[in-house]
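Values in this text are rule-based calculations from the coordinates and carry no lab data. What you see is a predicted model; the values in this text were computed from it and never measured. Heads up, the Cβs are rebuilt from the backbone with ideal geometry, glycines too, and the neighbour counts pull from every protein chain shown.
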């Protein structure tokens, strides 16, 4: 490597997301990466590390505290600016929308940092997508359980076969223009009240 | 590198709806504080709708986010600390981006709270009289700090909310008025407002200056003692403002002026005690402040629980939303903020700086929308702290025509801001 490796600090309360970012940075050849999950004690970490780039999630209410550190204690020798190229508004907007912010030591060549920021943004987005998929999968599983229970109740109370119970739920949902899970939920609730 | 779908990871989509006639929906960022009331009331009680507008309120977690989301167009308008547009125009702090304030969202609401333990030590000094007295409290704290220093004990840590905040300057003003050097005798840190009471309870900080309702939250929990309110420091001190990008204001001028009309009506409504119950109930909702309505009613009425021992204090104008030209962005206020930035070494005095500061406050927009309500222009650069009921706690008077002399007259100030080199 012709240039000295950049020192990167990742501050993210979400440990899983932080490790995804860290892995991405290492894959890209950055070896001097430090990850912290808590902002307490960050002053000392910054003082010892002297990071060139700080990546922080913007849902972290301690961002204001970080900026105060940069501004008042002057523990970082060079001023720190958010993002390198303010003219590149498209990628900045993408970053803010993804929920990530970065502080970069002033004077650093933007080509050296752009790939790091791009990586952080895409990993943040990938993480949210994973979370969404996980949440969807979870609610699908929950829905299946409720439908199973509603089917069981109908089979028992009305003497239906499994196919008939399922068909009844589906037909009722269609008639009432509702989702099958909503009908199933009403059946379960009603049964709970009546039995 | 290709980006994954850009809507991921954020609940915010594109910025406000921009139709043929420009935006009618303003996306507004706010921090959960009582002084966001005017924006919330404008959205909730029909004042925006009456002007053919809608305000889409988005709660945020940090002032840095508010600043960045406004700069990067996720917000059209924002609830901002009054020093934020001033700092932005001076190019101070991270990511300074042009920001203007055409309307103040009110004044008051701040207070300083210390830990019960620290207050007990202040009582031991015998310097506290029977009356609640912010200056006596500061002097008693100075005596406690002196004895801490002599015994080689650690200095206390105080929290403020943002480097460019009224709270930061008020905390420093109060300390300095008592003869305390904020950079030597104590340690100042930034703590997000909703965490202040927990941080105090946990002993992570020994005091803080923050807006409503967080002082009362700490006193009601019995972890803190309120020792000064904004009214004690300087009643007229500017608090929050409506912030927006100058290019946005220019491009959508008519809608922005209508917004100011809506906010003016909302502010008037918020000031009326008859509406405080309705306002408190809306503010209490989880999507806004998520704080008990009863506590918010006390805040709005200025009925102060100083601690959990039943010590109370009435401050009738603890929070003001409209009366006394509270919404007029008076340039002398921006200049006073500048003077405090210089006093504490955040910047130095220059004529270029003066111009930048004056460009942050936009009384011209206020006048264009609400001309008949605006005070006389001769008041724009008035001396502050002259009126009997509006003095500074240390008796100084701010003369905007001579900021260097005003700053130099303070016995306690940072050394660094005093190089009054004028480049222009």
Under the definition of Cα pairs under 8 Å and six or more residues apart, what whole-number percent is the relative contact order of chain B? 21 percent
In percent, how large is the relative contact order of the stretch A:137-194, given Cα pairs closer than 8 Å and 6 or more residues apart? 40 percent
Computed over the Cα atoms of chain B, the Rg and Dmax in Å are 21.0, 70
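Restricting to DSSP H runs of at least four residues, report the calculated mean residue ellipticity at 222 nm for the protein assembly as shown, -39500 (n - 2.57) per run over all residues, nearest 500 deg cm²/dmol.
-13500 deg cm²/dmol
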Placing one identical point scatterer on every Cα of the protein assembly as shown and ignoring solvent, what is log10 I(q)/I(0) from the Debye formula at q = 0.08, 0.09, 0.12 Å⁻¹? -0.63, -0.78, -1.27
Obtain the nm distance between the two label points defined at residue B:131 and residue B:405 by a simple spin-label model: each point lies 7 Å from its Cα along the Cα-to-C-beta direction. 3.2 nm
Test of understanding: in a Gaussian network model of chain B with alpha carbons linked when under 10 Å, which of B:387, B:303, B:254 would top the mean-square fluctuation ranking? B:387
Could you calculate the FRET efficiency of residue A:132 with residue B:388 from 1/(1 + (r/R0)^6), where r is the beta carbon distance between them and R0 is 60 Å, rounded to 0.05? 0.50
To check my understanding: the extent here is largest minus smallest coordinate of the Cα atoms along each principal axis. What are those three numbers for the stretch A:8-132, in Å, largest first? 39, 32, 27
For residue B:294 and residue A:35, extending 7 Å from Cα along the Cα-Cβ vector and measuring point to point gives, in nm, a value of 4.6 nm
Whole Å is fine, so just give me how far the alpha carbon centre of the stretch B:132-169 lies from that of the stretch B:314-370. 26 Å
With R₀ set to 35 angstrom, the calculated FRET efficiency between the beta-carbons of residue A:45 and residue B:123, to the nearest 0.05, is 0.35
Shape verdict for the stretch A:137-194, please, from the Cα gyration tensor: rounded (a/c under 1.5), prolate (a/b greater than b/c) or oblate. rounded
For chain B, modelled as a GNM with alpha-carbon contacts under 10 angstrom, which of B:324, B:211, B:345 fluctuates the most? B:324
How far apart, in nm, are the 7 Å Cα→Cβ label points at residue B:368 and residue B:154? 5.3 nm
Long-range tail of P(r) for the stretch B:111-233 (Cα pairs > 19 Å, %): 39 percent
Between the stretch B:49-73 and the stretch A:119-148, what is the separation of their alpha carbon centroids in Å? 28 Å
Relative contact order computed over chain A (Cα-Cα under 8 Å; 6+ residues apart), in percent: 17 percent
At R0 = 60 Å the Cβ-Cβ FRET efficiency linking residue A:193 and residue B:352, nearest 0.05, sits at 0.20
